[in-house]
Amino acid sequence: MEPLAYIGRFAPSPTGPLHFGSLVCALASYLDARHHSGQWLVRIEDIDPPREIPGSTTMILKQLESHGLLWDGDLLYQSQRSDAYNRALAQLDNNGLTYNCDCNRQRVAELGGIYDGHCRQRQVSGDSAVRLRLPQDKSDAIIAFDDLIMGGYQQNLASEVGDFVIKRRDGLFSYQLAVAVDDQFQNISHIVRGADLLSSTPRQLYLQRCLGASAEQLAAIQHGHLPLAVNSQGQKLSKQNHAPALVPGHESTNLWAALQWLQQAPPVELQTESKETILSWAIANWSMASIPKIGEISAPDAA
Ligand code: GLU
Ligand code: ZN
């Protein structure tokens, strides 16, 4: 089998500016791509207007640029991809893989988040979500892959996730559908992102399979899920818990701290160098194998 050309991506949602944790993800996917002489794409995942914070896209792109993380080609905006997502929904529907569901939040919550297929035969119309029908035989719903950082990972979609939502009741496309369609459209070969998305990967691989990707194509996609950056209280750094913002003018320090966090052992002298010097050192010395597998390590509070 021909090895895929390396195409990586960073896919931020415009829900706020980058913080230390998202800079780590951007940097790791950038370095892995550049170390392998690959392309690095940036995709703006702006398909959830209620969660969007105005101005964040501009801010994120500025922050990437100021840290020297320059992407290849044009940006892809998910808000402009509705036709592609509708085509994917139609294809799944034509193959009998979708059904409408009007179960309320409370019912789904009572199921512990694993949907029981209640609406499969109900012919729901009107105000409803669209779910993907998983194989009846649970043994056909097992998805396994080797993560470059986390190692072997396996999930039985039928028993651990259940028929999942691909179009929300409010009419918005689900994150899972949009990512699967776009990763396929952009021929993404390497997905390096936060470990909070590890358990989403089987859904995305399964969706790509339903959308026509062959087993060989799917097996060729490499994943690396980065342990999450946590603060000294052990909380995940996120926009929700007001992770400290990246201070403009401190780009070299931020990059150096991110490399340190990724256990790339950047030399101390590098801290005061330009971002270009730091990045070229990091590209040349990039080691995925050095990244710790365990999530609970502290990021510098000052970052
Ligand atoms: N847009 C997602 C986020 O910001 C990441 C999607 C992905 O990398 O697959 O959390
Ligand atoms: Zn239902």
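Every number here is computed from the coordinates shown, using simple stated rules; none is lab data. Only a predicted model underlies this, so the values are computations on that prediction, with no experimental measurement involved. Methodologically, a virtual Cβ is constructed for each residue, glycine included, from the backbone with ideal geometry; neighbour enumeration extends over all protein chains shown.
So is W71 within 16 Å of ligand 1 (Cβ to nearest atom), under 23 Å from S252 (Cα atoms), aromatic (F, W, Y) and free of Cβ contacts under 8 Å to residues at least 40 places away in the same chain or not? Against the criterion (within 16 Å of ligand 1 (Cβ to nearest atom), under 23 Å from S252 (Cα atoms), aromatic (F, W, Y) and free of Cβ contacts under 8 Å to residues at least 40 places away in the same chain), W71 does not qualify.
For (1) under 30 Å from G171 (Cβ atoms); (2) crowded, with 16+ Cβ neighbours inside 10 Å; (3) without any contact (Cβ under 8 Å) to a residue 40 or more places away in the chain, each residue gets a yes or a no:
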| position | (1), (2), (3) |
| --- | --- |
| P12 | yes, yes, no |
| G21 | no, yes, no |
| D32 | no, yes, no |
| Q78 | yes, yes, no |
| N86 | yes, no, yes |
| E110 | yes, no, yes |
| Y115 | yes, yes, no |
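Would you check which residues across the range 168-209 are free of Cβ contacts under 8 Å to residues at least 12 places away in the same chain and more than 16 Å from ligand 2 (Cβ to nearest atom) and list them? Matches in the range 168-209: G171, R209. Please go through the range 113-163 and give me each residue that is within 16 Å of ligand 2 (Cβ to nearest atom) and acidic (D, E), ordered by number. Selection gives D116, D127, D163. Regarding the range 93-103, can at least one residue be identified that is under 30 Å from E273 (Cα atoms), more than 16 Å from ligand 1 (Cβ to nearest atom) and loosely packed, with under 13 Cβ neighbours inside 10 Å? No, the range 93-103 contains no residue that is under 30 Å from E273 (Cα atoms), more than 16 Å from ligand 1 (Cβ to nearest atom) and loosely packed, with under 13 Cβ neighbours inside 10 Å.
Restricting attention to the range 28-50, does a residue exist that is within 16 Å of ligand 1 (Cβ to nearest atom), under 18 Å from the mean Cα position of the chain (by Cα), among the charged types (D, E, K, R) and closer than 21 Å to A284 by Cα? Yes, the conditions are met somewhere in the range 28-50. Checking each residue in the range 47-59 for being part of a loop (DSSP other than H, G, I, E, B) and surrounded by 19 or more Cβ atoms within 10 Å (Cβ to Cβ) picks out I47, D48. Taking the numbered list (1) exposed (fewer than 15 other Cβ atoms within 10 Å of the Cβ); (2) within 16 Å of ligand 1 (Cβ to nearest atom) in turn, S125 passes all entries but (2). For D183, the conditions (1) surrounded by 21 or more Cβ atoms within 10 Å (Cβ to Cβ); (2) of a type in the set (D, E); (3) more than 21 Å from C25 (Cα to Cα) are fulfilled apart from (3).
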